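Peer 1: Sending over a structure as structure tokens; questions will come in a sec.
The values are calculated or read from the model by the stated rules, or taken from the named source; none is laboratory data. Just so it is clear, the model here is predicted, and its values are computed rather than measured. For neighbour counting, all protein chains shown are included, and Cβ atoms are generated from backbone atoms with ideal geometry for every residue, glycine included. Each accessible area value is taken on the protein alone, full model and side chains, heavy atoms only, with ligands, DNA and RNA left out. Shrake-Rupley method; radii C 1.70, N 1.55, O 1.52, S 1.80 Å.
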Amino acid sequence: MAERVGKIGFLINPIAGMGGAVGLKGTDGLAYAARARGAKPLAATRARACLHLLSPEIEKLLFFAASGEMGEDELKECGLQYTVAYVAAKESSSLDTRLACHAFLENGVDLILFCGGDGTARDVARSAGMRPILGIPAGVKMHSGVFAISPQAAAELALGFVRGELKARETEIVDVDEELYRAGELQTRLYAVARTPYKPTLVQERKRIYSSSSEEEFKDQIALFASEFMRDGSAYILGAGTTTARIGELLGLEKTLLGVDVIQEGKLLLKDASESDLLALLDREKSVRVIVSPIGAQGFILGRGSQQISAAVLRRVGEENLIIVSTPHKLAELPQLLVDTGDLKMDSILAGKRMVVTGYRLAQRKETVAASALHDIDIQIQS
């Protein structure tokens, strides 16, 4: 008996993630603005990282794709079998995403694999019904539970599901109000419930919010300690989050809650900085350090929420000048810290045991892992 061929619907949101490095905190409705600031498309690269791992399964997978840069181009480059199920407009939109998904369903796909962020997840879920969907993470904001933690993990999940080795579970599609997000306020809204292939550690969980009094006390302690060691004359790049925001608050500065700012000698040098702003800073300043805190329930310190702190920035700062801060409770909830800069070499440099500041002159060692490493490396054709 001939082995069954897995059928996968595949699409890419070509503009997903473009706004992150240029400080826009999202690209919905702002693709032109992102390009004007020098943003470069990222989604195709993220999609290829997933598809290359599926290439050895070429005889056992058949893809139904949206045309051109919405999916077809990357499938062709990776040598996978596909048929174009939907012809997208030259400048694709959310309507193209929804129509492509309808076409996938008409072709009886087992799974819809998409590359984008929460906005793309909303559009896919809106059309997919309860057909399983899986996201390759490429957006600026990804709070929904349908995303794999990395493109490599997405490959393992997709392959395991169409082989029948993994089951799908229900999870939530959430998104943030981007106008409020850009203004520094995080408001998430539940849009849908979807089914997604599941394997522990490979699918991200929804963001948790901690608000106990002890959490606030530890944030104050971390901020006090930071205010002391930040007097060394260095320029400090502060990533997003409430813990880093507390540092600015103690210094009497209005730090961007959901952006990246730069502080030097108690003064705010840059507010809501982009990647290019940070690279220019590194041209001027001799000593630069980075302070980040885990973002989301999965524990990303880089690659989620602060894409402005890119691999290029980190390479010049030096991994020895990366400072991680977290309250003890949040740190205890995390099995490890994750990095996903989009540069595998940089991720491997950052991996390993790292000290995390957890209070006033207090620190703990925590394992830091490249998100791309959390999958079964040997994804090969099974006889």
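Peer 1: Could you pull out the residue among 327, 368 that is in contact (Cβ under 8 Å) with a residue 60 or more places away in the chain, over 27 Å from residue 276 (Cβ atoms) and surrounded by 21 or more Cβ atoms within 10 Å (Cβ to Cβ)?
Peer 2: Values: 368 fails: over 27 Å from residue 276 (Cβ atoms).
Just one listed residue meets the conditions, 327.
Peer 1: Quick one: residue 224 ticks every box in (1) in contact (Cβ under 8 Å) with a residue 40 or more places away in the chain; (2) crowded, with 18+ Cβ neighbours inside 10 Å; (3) in a helix (DSSP H, G or I) except a single one, so which number is it?
Peer 2: For residue 224, the exception is condition (2).
Peer 1: If we scan segment 346-369, do we find a residue that is touching a Gly at 6+ places or on another chain (Cβ under 6 Å) and among the aliphatic types (A, V, I, L, M)?
Peer 2: No, there is no match, as no residue in segment 346-369 is touching a Gly at 6+ places or on another chain (Cβ under 6 Å) and among the aliphatic types (A, V, I, L, M).
Peer 1: Next question, about the same structure. Return the pair list, or none, for Cβ contacts closer than 9 Å from residues in segment 271-288 that are closer than 20 Å to residue 233 by Cβ and among the β-branched types (Val, Ile, Thr) to residues that are modelled with pLDDT of 95 or more and open to solvent by 50 Å² or more (accessible area, probe 1.4 Å), at least 6 apart or on different chains.
Peer 2: 288/316
Peer 1: Condition first: of a type outside the set (Lys, Arg) and over 27 Å from residue 295 (Cα atoms). Now tell me which residues in segment 113-145 satisfy that.
Peer 2: Result: 127, 128, 129, 130.
Peer 1: Scan segment 148-167 residue by residue and report those that are more than 20 Å from residue 6 (Cβ to Cβ) and among the hydrophobic types (A, V, I, L, M, F, W, C).
Peer 2: The one that is more than 20 Å from residue 6 (Cβ to Cβ) and among the hydrophobic types (A, V, I, L, M, F, W, C): 149.
Peer 1: Then there is this: I'd like to know if segment 153-162 contains one or more residues that are touching a Cys at 6+ places or on another chain (Cβ under 6 Å), touching a residue at least 24 places away in the same chain (Cβ under 8 Å) and either open to solvent by less than 30 Å² (accessible area, probe 1.4 Å) or among the basic types (Lys, Arg) (or both).
Peer 2: So far as segment 153-162 goes, yes, one or more of its residues are touching a Cys at 6+ places or on another chain (Cβ under 6 Å), touching a residue at least 24 places away in the same chain (Cβ under 8 Å) and either open to solvent by less than 30 Å² (accessible area, probe 1.4 Å) or among the basic types (Lys, Arg) (or both).
Peer 1: Consider segment 98-122. How many of its residues are open to solvent by less than 30 Å² (accessible area, probe 1.4 Å) and under 20 Å from the mean Cα position of the chain (by Cα)?
Peer 2: Applying the first criterion (open to solvent by less than 30 Å² (accessible area, probe 1.4 Å)) to segment 98-122 yields 100-101, 103-104, 109, 111-121.
The next check asks that each one be under 20 Å from the mean Cα position of the chain (by Cα); those that pass are 112-121.
Looking only at that region, the number is 10.
Peer 1: What residue, of 279, 251, 269, is open to solvent by 30 Å² or more (accessible area, probe 1.4 Å), touching a strand residue (DSSP E or B) at 6+ places or on another chain (Cβ under 6 Å), aliphatic (A, V, I, L, M) and farther than 24 Å from residue 150 by Cβ?
Peer 2: On inspection, the qualifying residue turns out to be 269.
Peer 1: Tell me which of these residue 7 doesn't satisfy, since it passes every other one: (1) modelled with pLDDT under 95; (2) within 13 Å of residue 158 (Cβ to Cβ); (3) open to solvent by 30 Å² or more (accessible area, probe 1.4 Å).
Peer 2: Condition (1) is where residue 7 drops out.
Peer 1: Now, a different point. Mind counting the residues in segment 256-266 that are in contact with a strand residue (DSSP E or B) (Cβ under 6 Å, 6 or more places away or on another chain) and surrounded by fewer than 23 Cβ atoms within 10 Å (Cβ to Cβ)?
Peer 2: Within segment 256-266, residues that are in contact with a strand residue (DSSP E or B) (Cβ under 6 Å, 6 or more places away or on another chain) and surrounded by fewer than 23 Cβ atoms within 10 Å (Cβ to Cβ) number 2.
Peer 1: Do we find a residue being under 22 Å from residue 222 (Cα atoms), more than 18 Å from the chain's Cα centre (by Cα), open to solvent by 20 Å² or more (accessible area, probe 1.4 Å) and not hydrophobic (A, V, I, L, M, F, W, C) anywhere in segment 294-316?
Peer 2: The answer is no; no qualifying residue exists.
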